[in-house]
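Working notes for the structure below.
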4 protein chains.
Amino acid sequence: MQAPQDTKPRWERRKDARPQELLAAALEQFVERGYAATRLEDVAKRAGVSKGTLYLYFANKEELFKAVVRANIVATIGEAEQDVANYDGDSAELLGTLLMRWWTEIWATPLGGITKLILAEGHNFPELAQFYNEEVVARGSLLVTQVLKRGIERGEFRQVDPVVMTRVLIAPVLMLMMWTHSYMPTCDMPEITPQDFMETFISTSLRGLKASAA
Amino acid sequence: MQAPQDTKPRWERRKDARPQELLAAALEQFVERGYAATRLEDVAKRAGVSKGTLYLYFANKEELFKAVVRANIVATIGEAEQDVANYDGDSAELLGTLLMRWWTEIWATPLGGITKLILAEGHNFPELAQFYNEEVVARGSLLVTQVLKRGIERGEFRQVDPVVMTRVLIAPVLMLMMWTHSYMPTCDMPEITPQDFMETFISTSLRGLKASAA
Amino acid sequence: MQAPQDTKPRWERRKDARPQELLAAALEQFVERGYAATRLEDVAKRAGVSKGTLYLYFANKEELFKAVVRANIVATIGEAEQDVANYDGDSAELLGTLLMRWWTEIWATPLGGITKLILAEGHNFPELAQFYNEEVVARGSLLVTQVLKRGIERGEFRQVDPVVMTRVLIAPVLMLMMWTHSYMPTCDMPEITPQDFMETFISTSLRGLKASAA
Amino acid sequence: MQAPQDTKPRWERRKDARPQELLAAALEQFVERGYAATRLEDVAKRAGVSKGTLYLYFANKEELFKAVVRANIVATIGEAEQDVANYDGDSAELLGTLLMRWWTEIWATPLGGITKLILAEGHNFPELAQFYNEEVVARGSLLVTQVLKRGIERGEFRQVDPVVMTRVLIAPVLMLMMWTHSYMPTCDMPEITPQDFMETFISTSLRGLKASAA
DNA sequence: GATGAATGAGATTTCATTCAT
DNA sequence: AATGAATGAAATCTCATTCAT
């Protein structure tokens with residue numbers, strides 16, 4: 001007796017997979033070239049389909065772009081929110097871990113490419129930029145802010161405005177992401193690894209944040 | 001003897017001013033819309049000339065863009081280099097001043113818009129990106145690196161890799177500039193001023209940099 | 001012994017019905033949208049089949065269109081021809097009845113839609129237009145012409161050119177049909193019914209046709 | 001001394017004429033092919049310009065079409081309105097003259113081609129169809145209706161519903177126009193001239209309209 | 001026979017670039 | 001030097017048609 005797990009004919013299974021393939025190809029092309037400079041024909045070619053096929057799945061270029069953005073808003077933030085809620089130790093350590101995970105698990109992934117796109121060409125798509133900011137940036141920021149408040153309340157951090165400080169802490173991570181995706185491998189940050197950058201950034205920031213000894 | 005300062009007839013002086021006017025208009029348009037989305041017709045309209053006139057001064061869109069970039073690489077860096085060389089006081093204060101001046105005198109000006117452009121669409125113009133990085137980012141970085149080395153040597157700063165730390169210190173300023181130019185006034189950084197950001201950033205970084213008390 | 005009327009299995013009978021269903025759907029869509037604006041996908045959807053199925057029955061869009069036209073050339077004209085041949089009364093009454101039946105039995109039916117199509121987009125299909133004119137318009141016209149000749153011979157109608165007069169009598173009916181199918185319900189003929197139109201048209205024409213009393 | 005009538009350089013005079021040339025070419029092409037089947041490239045070619053030039057003068061295909069329609073709504077109706085108001089003789093004669101002039105001065109001109117277009121493809125452009133109906137059909141109809149009322153009041157015509165009768169009188173003229181523009185020269189109305197048609201139509205209708213002798 | 005995913009030619013539209021004046 | 005009408009290559013998008021399943 002044959003295993004009936006998948007009774008669909010091959011091309012139908014293919015159809016189910018198509019949107020993902022197209023989104024993947026589009027993501028790569030958009031990240032590589034930017035929104036405006038990306039030609040749909042290239043996306044199609046990269047996905048191994050014809051121009052017309054794209055339009056079976058996405059109404060137009062803008063919708064394709066939006067779909068790419070939506071598809072890459074990962075659940076990672078949700079997990080991080082849990083971690084922070086449950087954590088019970090040193091705030092500095094929590095903050096350091098949080099920022100480092102943010103880098104490795106979010107910005108160093110394709111989501112980083114998306115974020116770069118939004119920052120670079122976002123103002124041509126105001127609604128999308130807003131949507132993205134709310135879903136990704138704002139939620140992530142809130143997390144950092146909460147840890148900062150916690151540390152301040154517990155006397156671990158000195159008195160700073162947690163909202164402003166949140167921005168200050170986020171900025172270097174985003175900028176690292178921009179550099180990483182700027183395709184200027186040689187001219188950008190020769191001989192510096194993201195790891196180096198993040199470690200130096202985190203250690204310095206935590207030092208600067210900590211309540212003055214005593 | 002009459003003052004020979006300007007013997008040219010008026011329309012010829014106008015002619016000399018033309019390129020500047022065109023570059024100014026192009027800068028605004030590029031910053032507002034991005035490279036790809038900028039139509040030369042809009043640049044021309046903004047400058048109050050016809051489309052054809054643009055081509056009298058610049059061979060094509062790309063050359064216009066390059067000219068805009070070149071024209072906005074100001075001499076400010078040179079001045080700063082002098083200041084640093086002549087300074088003779090506390091390294092932390094020097095670094096703080098340097099960073100703040102960097103913001104107010106460079107990134108908060110139209111040059112900021114150019115930098116954003118380069119970061120956003122630079123990889124479509126690799127040679128330009130490289131040129132820009134060398135002329136602006138590298139020279140500026142070098143300055144910061146020098147101050148860091150000076151501070152470390154003088155025992156004011158703790159032992160850090162000055163090249164990496166330079167990046168860490170530059171990143172927030174650039175990111176602030178990106179945000180400032182991202183045309184997402186509402187969703188971006190509600191109720192935070194660049195001033196707040198810079199102050200918090202600088203004070204925290206300097207604290208994190210300083211050699212552990214004693 | 002079982003009735004052998006239909007020994008085919010059901011799906012095969014279905015198969016036989018398919019072309020009719022497709023033609024019906026195509027007729028509606030063509031009439032509603034016009035030839036050029038009709039998308040085969042919509043025809044298929046309307047018929048509840050897939051786009052590909054259309055091509056099992058019709059070689060291409062043009063053939064489908066032609067098939068629709070051919071399928072709607074009804075036998076009604078044949079009946080009318082019989083009626084006219086057998087009639088033995090007043091020519092004016094015969095003509096009036098003929099015209100009114102023409103309207104109700106032909107132009108007010110989907111065939112009207114076809115005629116509108118031919119008139120509207122027929123010159124993109126010259127052969128089809130010719131075919132249609134010969135099969136429908138010419139035969140119908142001939143009928144009218146015969147009645148006119150009969151009336152003139154019998155002294156009931158005044159001396160007119162029967163061929164020209166035929167056109168004059170056909171025109172209003174066709175125009176009514178155009179209006180009826182023109183999908184401009186409000187702007188076209190407010191508060192006038194086809195019935196009103198036909199009655200007024202017939203009575204006036206017959207009056208105008210009749211041999212001047214005496 | 002040279003005549004200074006036209007100081008513009010040649011190409012500028014050309015520019016002024018361009019829209020008219022384009023509209024003329026578009027009219028021909030639309031009338032020949034129908035709206036949907038007309039390719040802008042063909043219009044351009046017919047006008048002796050490139051595709052892009054069309055877009056200097058008309059935003060898109062639909063706007064071009066609308067412009068063609070607007071440009072062909074002649075003032076003729078206005079003149080006819082004057083004539084009717086001033087006329088002081090036999091209503092039947094007035095009506096006959098009106099209808100004949102309608103044919104020769106309006107429907108037999110390019111405006112006829114436009115009307116055919118509207119009737120054929122008008123429901124794809126509802127607003128345009130409405131606009132056209134109001135400006136051309138409704139005004140023309142009103143004129144006929146007024147003459148009918150006048151004749152009925154003066155006892156020249158028998159008692160008919162003037163609104164319905166208006167339609168009955170307009171229909172043949174419009175249908176003649178449809179036939180004329182249907183580009184089926186051979187199959188349509190062999191050996192009948194529009195002149196024949198109109199004369200037979202008018203004489204029959206007037207006979208049918210006149211108050212029964214006495 | 002039926003499906004519907006895939007195709008690609010062709011249409012509209014945009015815009016950097018040219019060139020006669 | 002300046003103009004702006006004209007161009008045409010290239011991009012987006014549509015849809016009749018094909019074909020593997």
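Please work out how much length the chain gains when fully extended from B:N60 to B:E134, using 0.36 nm per residue of separation minus the C-alpha to C-alpha distance, in nm with one decimal.
On the way: separation 74, 0.36 × 74 = 26.64 nm, distance 2.39 nm.
Contour length minus Cα-Cα distance gives 24.3 nm.
Between exposed trypsin sites (Lys or Arg not before Pro) in chain B, where DSSP calls loop and at most 14 other Cβ atoms lie within 10 Å, what's the longest gap?
Between exposed loop sites, the widest span is B:40-153.
What total accessible area, in Å², is buried where chains B and A meet, using a 1.4 Å probe and rounding to the nearest 100? Before the final figure, lay out each step's value.
Values: alone 12220 and 12280 Å², together 20500 Å².
Counting both chains, the buried surface is close to 4000 Å².
Quick one: Cα centre-to-centre distance for the stretch B:32-55 and the stretch A:14-76, in angstrom?
Centre-to-centre distance over Cα atoms comes out at 31 Å.
Can you give the alpha-carbon Rg of chain A over 2.2 N^0.38 Å, where N counts its residues?
Values: Rg = 20.9 Å, N = 214, 2.2 N^0.38 = 16.9 Å.
So the Cα radius of gyration is 1.24 times the expected 2.2 N^0.38 Å.
Could you check which residue among A:A44, A:A171, A:A108 shows the biggest mean-square fluctuation in a GNM of chain A with a 10 Å Cα cutoff?
Between A:A44, A:A171, A:A108, it is A:A171 that shows the largest mean-square fluctuation.
If the stretch B:96-166 were replaced by its equivalent ellipsoid, with semi-axes equal to the square roots of 5 times the Cα gyration tensor eigenvalues, what would those be, largest first, whole Å? Before the final figure, lay out each step's value.
On the way: eigenvalues 148, 44, 13 Å².
With the √(5λ) rule applied to the stretch B:96-166, the semi-axes are 27, 15, 8 Å.
Grab the beta carbon distance between C:A17 and C:E105, set R0 = 25 Å, and tell me the FRET efficiency rounded to 0.05. Can you show the working numbers first?
On the way: r = 25 Å, r/R0 = 0.98.
In this case the efficiency is close to 0.55.
How much length, in nm to one decimal, is gained on full extension between D:T53 and D:N124, taken as 0.36 nm per residue of separation minus their Cα-Cα distance?
23.0 nm
Alpha carbons only, please: Rg and Dmax for the protein assembly as shown, in angstrom.
40.7, 137
Over the whole of D:22-34, what's the average partner chain Cβ count within 10 Å per residue? Rounded to a whole number, please.
Across D:22-34, the average partner-chain Cβ count within 10 Å equals 1.
Axis carrying D onto B: which residue of D has the nearest Cβ, and how far, whole Å?
For the rotation taking chain D to chain B, the closest Cβ gives D:G52, 4.
How large is ³J(HN,Hα), in whole Hz, for each residue of the stretch A:27-36 in order, when computed from phi with the Karplus curve 6.51 cos²θ - 1.76 cosθ + 1.60 and θ = phi - 60°, using x for Gly and Pro?
Values, residue by residue: 3, 4, 5, 4, 5, 6, 10, x, 5, 5 Hz.
Using alpha carbons only, how many degrees (0 to 90, rounded to 10) separate the axis of helix B:110-121 from the longest principal axis of chain B?
90
Per DSSP H run of at least 4 residues, take -39500 (n - 2.57); add these up for chain A, divide by its residues and hand me the 222 nm value, nearest 500 deg cm²/dmol.
-21000 deg cm²/dmol
Quick one: in the stretch B:10-71, what % of C-alpha pairs are over 18 Å apart?
It works out to 24 percent of all Cα pairs.
If I build a Gaussian network model for chain C, linking alpha-carbon pairs within less than 10 angstrom, which residue out of C:D42, C:D88, C:D161 has the largest mean-square fluctuation?
Greatest mean-square fluctuation among the candidates belongs to C:D88.
Need one value for B:84-97: mean number of C-beta atoms belonging to other chains within 10 Å of its residues' C-beta atoms.
Values: counts 0, 0, 0, 0, 0, 0, 0, 0, 0, 0, 0, 0, 0, 0.
The shielding value for this peptide is 0.
As I understand it, the value is the acute angle between the Cα axis of helix D:162-181 and the longest principal axis of the Cα atoms of chain D; what does it come to in degrees, rounded to 10?
40
Just the accessible area per residue of the protein assembly as shown, please: how many Å² with a 1.4 Å probe? The partial results should precede the final answer.
Working: 41010 Å² over 856 residues.
On a per-residue basis, 48 Å².
When Cβ neighbours within 10 Å are restricted to other protein chains, what is their mean count per residue of peptide C:158-165?
Across the residues of C:158-165, the mean count of other-chain Cβ atoms within 10 Å is 4.
Amide H to amide H, which residues 5 or more places from A:F157 or on other chains are under 5 Å from it, using H placed in the peptide plane?
The list, which skips near neighbours in sequence, is A:I152, A:A211.
Percent of accessible area on chain C owned by carbon and sulfur, 1.4 Å probe? Show your work: numbers first, answer last.
Working: 5290 of 10230 Å².
Percent of accessible area from carbon and sulfur atoms in chain C: 52.
Label position 7 Å from Cα toward Cβ: report the copy-to-copy distances for B:S203 in nm, one decimal, ordered from shortest.
In nanometres, ordered from closest: 2.5, 9.8, 10.7.
The values are calculated or read from the model by the stated rules, or taken from the named source; none is laboratory data. These figures come from a predicted structure and were not determined experimentally. Counting neighbours? That spans all protein chains shown, and the Cβs are built from the backbone with ideal geometry, glycine included. In case anyone asks, the SASA skips ligands and DNA or RNA and just uses the protein heavy atoms, side chains included. Shrake-Rupley method; radii C 1.70, N 1.55, O 1.52, S 1.80 Å.
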